[in-house]
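Undergrad: Okay, handing you the structure first.
The values are calculated or read from the model by the stated rules, or taken from the named source; none is laboratory data. Small disclaimer: the values here were computed from a predicted structure and weren't measured. Counting neighbours? That spans all protein chains shown, and the Cβs are built from the backbone with ideal geometry, glycine included.
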Amino acid sequence: MKKVITEGPISPVKIGDSISHHQVKTDIGAHSIFLGQVRADEIDGKKVSAIDYSCYEEMAEKIFHEIRESAFEKFELTCMHIYHSKGIVKAGEICLFVFTSSRHRKMAIDACTWIVEEIKVKVPVFGKEIFDDETHQWKVNH
Amino acid sequence: MKITVLFFGMLAEQTKTSKVEVETNVVSVGDFEKAILEEYPALKDKTYSLAFNENLVARDAKIDAAGTLAFLPPFAGG
């Protein structure tokens with residue numbers, strides 16, 4: 001089973017490399033990419049400087065796998081990659097990378113959107129928002 | 001039977017532990033949860049879901065063998 005969870009932020013170089021690896025797959029006509037970035041929210045005068053992600057890793061990987069299998073069933077995809085960070089990801093850095101490829105744009109775009117929504121709701125990942133004064137609060141997806 | 005109990009995120013912060021092992025004869029998830037809340041009252045007003053052996057479970061589900069029960073705070077992936 002392919003691992004989704006990766007330590008620390010996802011580097012833009014890795015994202016670029018991932019795109020170039022697909023240049024040999026010439027049956028692909030459309031890619032769709034979603035990148036989740038840590039936002040420096042301001043709450044009660046304090047700014048979020050990073051999110052420390054933790055997860056129930058065995059269950060999270062299992063659910064990522066189920067989402068992946070369902071996406072291949074629901075959409076005509078050529079390939080799909082998902083990476084999610086654990087550990088510290090600073091504001092402005094990337095914490096989620098979803099990459100879907102298909103013959104045509106609609107399938108790639110729809111699949112990418114569907115996968116992101118599924119991840120938000122189903123995967124046991126927890127985020128500790130760390131403020132610039134080193135206090136913290138726990139993030140909740142809406 | 002032995003149940004391994006896992007706490008994550010803000011719940012682990014409340015219980016000050018991420019893992020405990022509990023010997024029990026209790027057979028439903030809900031009854032087992034009640035016993036855990038007695039032990040860790042700080043969890044009583046918290047929002048969480050429960051997973052038994054990595055699958056989300058309802059309170060009326062049966063625990064018929066040793067396994068792992070995880071207390072999962074609200075998800076924040078992505």
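Undergrad: When only residues in region B:40-54 that are surrounded by 13 or more Cβ atoms within 10 Å (Cβ to Cβ) and out of contact with any helix residue (DSSP H, G or I) (no Cβ under 7 Å at 6 or more places or on another chain) count, which is nearest to residue A:137 (Cα to Cα)?
TA: Only one residue tops the list, namely B:49.
Undergrad: While we're looking at this one, here's another question. Residue B:45 fails exactly one of the following numbered conditions: (1) assigned to a loop (DSSP other than H, G, I, E, B); (2) within 11 Å of another protein chain (Cβ to nearest Cβ). What is the number of that condition?
TA: Result: residue B:45 fails condition (2) only.
Undergrad: Taking the residues in region A:25-43 that are in contact (Cβ under 8 Å) with a residue 12 or more places away in the chain and outside any strand (DSSP E or B) as candidates, determine which candidate is nearest to residue A:90 (Cα to Cα). If you could, list the steps in order and put the result at the bottom.
TA: Here is the first cut: in region A:25-43, the residues in contact (Cβ under 8 Å) with a residue 12 or more places away in the chain are A:25, A:27-41, A:43.
Checking the rest, the ones that are also outside any strand (DSSP E or B) come to A:25, A:27-29, A:38-41.
Numbers: A:25: 34, A:27: 37, A:28: 33, A:29: 34, A:38: 7, A:39: 9, A:40: 9, A:41: 12 Å.
Selected residue: A:38.
Undergrad: Tell me which residues, restricted to region B:24-52, are more than 11 Å from the chain's Cα centre (by Cα) and within 30 Å of residue A:118 (Cβ to Cβ).
TA: Selection gives B:28, B:45, B:46, B:47.
Undergrad: Okay, moving on. Which residue out of B:60, B:31, B:64 is in a helix (DSSP H, G or I) and more than 30 Å from residue A:130 (Cα to Cα)?
TA: Going through B:60, B:31, B:64 in turn, the sole match is B:31.
Undergrad: Do any residues in region B:31-50 that are free of Cβ contacts under 8 Å to residues at least 60 places away in the same chain have Cβ atoms under 7 Å from those of residues that are basic (Lys, Arg), where the two are at least six apart or on different chains, and which pairs are they?
TA: Pairs that qualify, where the first residue is free of Cβ contacts under 8 Å to residues at least 60 places away in the same chain and the partner is basic (Lys, Arg), are B:33/B:59; B:37/B:44.
Undergrad: Starting from region A:65-81, keep only residues that are within 11 Å of residue A:118 (Cβ to Cβ), then list their pairs with residues that are assigned to a helix (DSSP H, G or I) and not hydrophobic (A, V, I, L, M, F, W, C) whose Cβ atoms are within a distance under 6 Å, requiring at least 6 positions of separation or different chains.
TA: A:67/A:118
Undergrad: May I pose another question? When you scan region A:116-135, do you find a residue that is away from chain B (no Cβ under 11 Å), farther than 26 Å from residue B:55 by Cβ and not in a loop (DSSP other than H, G, I, E, B), even just one?
TA: Yes, the conditions are met somewhere in region A:116-135.
Undergrad: I'd like to know if region A:83-98 contains one or more residues that are touching a strand residue (DSSP E or B) at 6+ places or on another chain (Cβ under 9 Å), under 22 Å from residue A:142 (Cβ atoms), away from every other protein chain (no Cβ under 12 Å) and not small (Gly, Ala, Ser).
TA: For region A:83-98, residues touching a strand residue (DSSP E or B) at 6+ places or on another chain (Cβ under 9 Å), under 22 Å from residue A:142 (Cβ atoms), away from every other protein chain (no Cβ under 12 Å) and not small (Gly, Ala, Ser): present.
Undergrad: Can you work out which of the residues in region A:54-81 that are within 14 Å of chain B (Cβ to nearest Cβ) and part of a strand (DSSP E or B) is surrounded by the fewest Cβ atoms within 10 Å (Cβ to Cβ)? First the steps, then the outcome.
TA: Here is the first cut: in region A:54-81, the residues within 14 Å of chain B (Cβ to nearest Cβ) are A:54-67.
Filter again for part of a strand (DSSP E or B), leaving A:54-55.
Numbers: A:54: 18, A:55: 24.
Filtering first and then ranking leaves A:54.
Undergrad: Now, a different point. Looking at B:5, B:20, can you tell me which residue is surrounded by fewer than 16 Cβ atoms within 10 Å (Cβ to Cβ) and either in a strand (DSSP E or B) or small (Gly, Ala, Ser) (or both)?
TA: Step by step, each of B:5, B:20 is checked, and only B:20 is surrounded by fewer than 16 Cβ atoms within 10 Å (Cβ to Cβ) and either in a strand (DSSP E or B) or small (Gly, Ala, Ser) (or both).
Undergrad: Just give me the residues in region A:44-61 being in contact (Cβ under 8 Å) with a residue 12 or more places away in the chain, within 13 Å of residue A:124 (Cα to Cα) and charged (D, E, K, R), in sequence order. Can you show your working first?
TA: Of region A:44-61, the ones in contact (Cβ under 8 Å) with a residue 12 or more places away in the chain are A:46-57, A:59-61.
After this cut, where a residue has to be within 13 Å of residue A:124 (Cα to Cα) as well, the list is A:53-57, A:59-61.
Within region A:44-61, A:57, A:61 meet the criteria.
Undergrad: Conditions first: (1) at pLDDT 95 or above; (2) exposed (fewer than 15 other Cβ atoms within 10 Å of the Cβ). Residue B:57 passes all but one, so which condition is the exception?
TA: Of everything listed in (1) at pLDDT 95 or above; (2) exposed (fewer than 15 other Cβ atoms within 10 Å of the Cβ), residue B:57 misses just condition (2).
Undergrad: Separate question: From the list A:121, A:116, exactly one residue is of a type in the set (Val, Ile, Thr), touching a strand residue (DSSP E or B) at 6+ places or on another chain (Cβ under 6 Å) and within 30 Å of residue A:47 (Cβ to Cβ). Which is it?
TA: A:116
Undergrad: In the list A:113, A:135, which residue meets the criterion of being of a type in the set (Ser, Thr, Tyr), touching a residue at least 24 places away in the same chain (Cβ under 8 Å), loosely packed, with under 15 Cβ neighbours inside 10 Å and over 29 Å from residue A:19 (Cβ atoms)?
TA: Selected residue: A:135, the only one of A:113, A:135 that is of a type in the set (Ser, Thr, Tyr), touching a residue at least 24 places away in the same chain (Cβ under 8 Å), loosely packed, with under 15 Cβ neighbours inside 10 Å and over 29 Å from residue A:19 (Cβ atoms).
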